[in-house]
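Enquirer: Mind having a look at this structure? Questions to follow.
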Amino acid sequence: MTGWADYLDELDLLKSRRAIRDLVSFTQLPTAKEPVLQELENWVWHYITWIHDSYVTKAPYLVRRMILHCPIDESNGEAFRPLPKHQCDRGGTLYRYSQMMTRFLATIMRSIDNCHPCKYQFPLLETQVDLITALHDSLRDNKTSLSAFHTIWYFLIGEPFAFTEVDKWKCPVLCWLALASVREDGRFIDANEYTPLLAEWEYLMRITHLTQAYRNFEAECQTTDIRPNFITICSVQFSQFLKEGVNSPYNSVREHQHFASSIAKNTAAAPRITWSSDMTELACDGNNLQLSRLRFGLNAIALDIETRINKLMNGHTIPINVSDSLTENMSNRDLGYGWMELPNLLAKSFPLLEILQDHPHFKICEVEHNGKLHWIHRGIMAVLSEFTIINEELAILCHMLPAPPPRGTELVETRIRNGQIPRNLYKDRGTWLVHIHVKTTNITGNLSFVPTLCPPRLAKLLDWYILIARPLETLLAAQVYDSESTPLYHEFLFCQHGHVLTSRQFSVLMEQYTARFMGISLNLRTWRHMAISIQREYIGEQDTIVNNLGDLLANHSTSQARRTYAREVGSLPFLTTDAMLESRDICDSWHDVLGWGSNLPPIPHRLLHRLRTSSTTMDPTTFCTSDFKEEIKGMVNGAVTIGMGNLKHQLEDMLANAFAKGFASHFMIQGNNGLSMPSPINNNNHILDHQLQTHAPQAIQPQHPAQLIHVSNAISTILSPPPANLSQASLEYATQVQPAMATTITHTLASNTPNYFLDDKLFYTHLGEHLKLATPQPDQMLRLLKWARQDSKAIFKSEAQMQMLFYIIKRDCNLMVVLPTGGGKSLAWEVPGKMAEPKLITIIMIPFLPLIDDQLRRSAASRIVAAKWNSAAPPTNPKLRLLFASYESLATSTFIGYVCYNLDSDLT
């Protein structure tokens, strides 16, 4: 049907490998050698977002029905559905469509320009050539308008012009599809690859004609006093170009789509999933997964979550009143309702905040000597970092443990409370994760109800996170990000950094965590295929429902009766008692398969059948007994295999950790000997990545490298008695500064200070709605400056310089300080460098080497031990206080190894 080979052969475009390479590059995106065409890429993105936001998303329902069926089919209410908002960002589906538009327009411009090695000429009319030439000139002069851009695009792909039924190669779109279908090896793309490409063209053509209908309506409004009928104008536009049977580029693309789809559905293909003969290992697209490794990895992720929870709890216990038999009103659709709104689940609000007030590693707030509470920004970021990792790992478990596994777009939209769409998390003798927005929702507009049961261990982790961590996370996110993040954290389960997790981000996380914990990088598609195959082999079909005589007399089956007449009040058709019971049975069996259930993993049906058929007994009276013995034998063998597999993986991880620990301990030795050191941050080395994750300080995680400096909590630990060689005047200043500064931190909560954790109103009143830092004390800072400079007449150059020094010494927030030349920025490291804390090294990044040499001279004059970074010989002086390095050193393996070594030793 396509005729691609004959058409391209006739033009000698496939005669040699060089000609094929030229043809392939002819249809690609613009390169750096084509600056005008690169500007085209930006304009295409602006154009497609403009028409999508201005016209497509605002089209009435009747118009969207006409786009699919013109004239309207009264028996079919299906309507064209624009892409949802989360798919319209850069990197989303709409951006992918814009990339194809760019390729099409760039190919036509190359054809007209005639400077490309491929000399193909599109069958364009003189009017079209003039429009493309004008577009090229306007892009070069940066004078393009969106309105003019639409005119050019519409006349290229909208109206047929010289395109006829007799000669389809006069249609630019069909010609481009023939050119773009050639691979680099000279073969044409398969039907499975061609259908998504055609679907993108269908969408683009529909929104183009919708935009043209709007523009026709706007033009008529300007030329007549009588307001035209918009529906009529749309009907005329769609009847001319979108109606079935009309000779148009749109219908030609539709015909190709039908043809390619029929080929794709009827083409035999090699299996994507294969199993080992003992049913303990399966492969998907060449990715081998041992079931024992899968079980071990899932357990390791849960252990990591539990370890992080224990770190945050710091030995405390917060009782959660959630029983295994807890039920809720699942049909409640009230806005903002979720099961966590049930009464008496916790004894008090924000119980974790009370623990973190005095946490050695995650201190997020403190009470000043005047009884006021303020946030500690460094502690907040550390806690949010822990919450983010826990949230990521819970997302992995929520995706892999319930059955069937949801798609990525379904999982990231998991709601814990009702919004515009009902929630996905329910309590009914367990925790249910319900898939509502499934694959067909965008097409049909109907919500689904697919209940999946979480295993008890995962349910307890979710209970802790939702009831204890999420309220505090919502509060902290509002302080760090903005108030707009609060509704997101209130409604959606998987939120990070003030935003809802996207399916693209989750796909990356899935690959990272499975590679780390299971030794194989699984993307969402691969895991779904594997999970379905595992479920088919281990669980199989469920028992069928026997028809009840009363139901048969009513002319329907029992299954249909239970799903139609046993609906819960106010719920969807499949929210029934039977649906929940059937799902519980399947999920319980799935949990057993993954090692998270109450029973041993079952024997695969295929293996069990093999054991039964291999039985040599022929006595009918003993067949059942023999069959039962074979099943018991298989269960024992399976249990032994699982136990040995878990032991094997534990030993592997122990050896890997021991190796990584020894490898990391030699970083400094290798650096001092001038040896080349491998980078500790290597995406391909999961052993070393696990080592860095395990041995990093508790408040710092390698997934979030923004915080690289480990600092202590109390200023009083910094200010110890001054050196003996200081003058008497300096000694006087030091003895005055130390107790004054210490009182700002080491105070205790007075007995008459109100309890913020039992009174919610008092809590919010004192914490406020925004981030509050401690108030600088100018007198104390001035005494500190005079002591550091050993000058009784020393003063600050500005109030900003004084505040900078105060917050640096305070060390409870991250700072960005902007001071003019000569404003005294060097004070930020000179004063801390003179303090007597033996385990602190300040690292200063300076862009120019002459400035580093100048700072070394100043440090020597101030009797501060300082050094310049040298990758061949990293500093080893235990008295080092200041380390100066250039920006280029940040990415070197030697410098990273030095920083990691000192972080592990609590020296930086």
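The values are calculated or read from the model by the stated rules, or taken from the named source; none is laboratory data. For clarity, every value in this text was computed on a predicted model and none was experimentally measured. Here the Cβ positions follow ideal geometry from the backbone for every residue, glycine too, while neighbour counts run over all protein chains shown. Calculation scope for accessible area: heavy atoms of the full protein, side chains included, ligands and nucleic acids excluded. Shrake-Rupley method; radii C 1.70, N 1.55, O 1.52, S 1.80 Å.
Enquirer: Count, please, the residues in the range 775-791 that happen to be farther than 21 Å from residue 813 by Cβ, open to solvent by 60 Å² or more (accessible area, probe 1.4 Å) and not basic (Lys, Arg).
Expert: 3
Enquirer: List pairs: first in the range 502-529 and touching a residue at least 40 places away in the same chain (Cβ under 8 Å) and within 19 Å of residue 86 (Cβ to Cβ), second open to solvent by 20 Å² or more (accessible area, probe 1.4 Å) and assigned to a loop (DSSP other than H, G, I, E, B), Cβ under 8 Å, 6+ apart or cross-chain?
Expert: Close Cβ pairs (under 8 Å, with a partner that is open to solvent by 20 Å² or more (accessible area, probe 1.4 Å) and assigned to a loop (DSSP other than H, G, I, E, B)) amount to 503/407; 504/91; 507/523; 510/523; 524/407.
Enquirer: Right, another one. In the range 177-190, which residue that is surrounded by fewer than 17 Cβ atoms within 10 Å (Cβ to Cβ) and hydrophobic (A, V, I, L, M, F, W, C) is farthest from the chain's Cα centre (by Cα)?
Expert: The residue in question is 188.
Enquirer: Another question, if that's okay. Among the residues of the range 55-91, which ones are without any contact (Cβ under 8 Å) to a residue 24 or more places away in the chain and either outside the structural domain of residue 217 (by the TED database) or open to solvent by less than 70 Å² (accessible area, probe 1.4 Å) (or both)?
Expert: 64, 65, 68, 69, 72, 73, 76, 77, 87
Enquirer: Would you pick out the residues in the range 802-837 that are open to solvent by 40 Å² or more (accessible area, probe 1.4 Å) and closer than 16 Å to residue 855 by Cβ?
Expert: 821, 822, 825, 829, 834
Enquirer: A further question follows. Determine whether the range 600-608 contains at least one residue that is touching a Leu at 6+ places or on another chain (Cβ under 7 Å) and at pLDDT 80 or above.
Expert: For the range 600-608, residues touching a Leu at 6+ places or on another chain (Cβ under 7 Å) and at pLDDT 80 or above: absent.
Enquirer: Continuing with this model, one more query. Is it fair to say residue 240 is within 30 Å of residue 173 (Cβ to Cβ), part of a helix (DSSP H, G or I), open to solvent by less than 60 Å² (accessible area, probe 1.4 Å) and not hydrophobic (A, V, I, L, M, F, W, C)?
Expert: no
Enquirer: I've got another one for you. Being hydrophobic (A, V, I, L, M, F, W, C) and in contact with a His (Cβ under 7 Å, 6 or more places away or on another chain) is the filter here; which residues of the range 511-526 pass it?
Expert: The answer is 515, and nothing else.
Enquirer: Looking at the range 165-198, which of its residues are part of a helix (DSSP H, G or I), touching a residue at least 60 places away in the same chain (Cβ under 8 Å) and among the basic types (Lys, Arg)?
Expert: Result: 168, single match.
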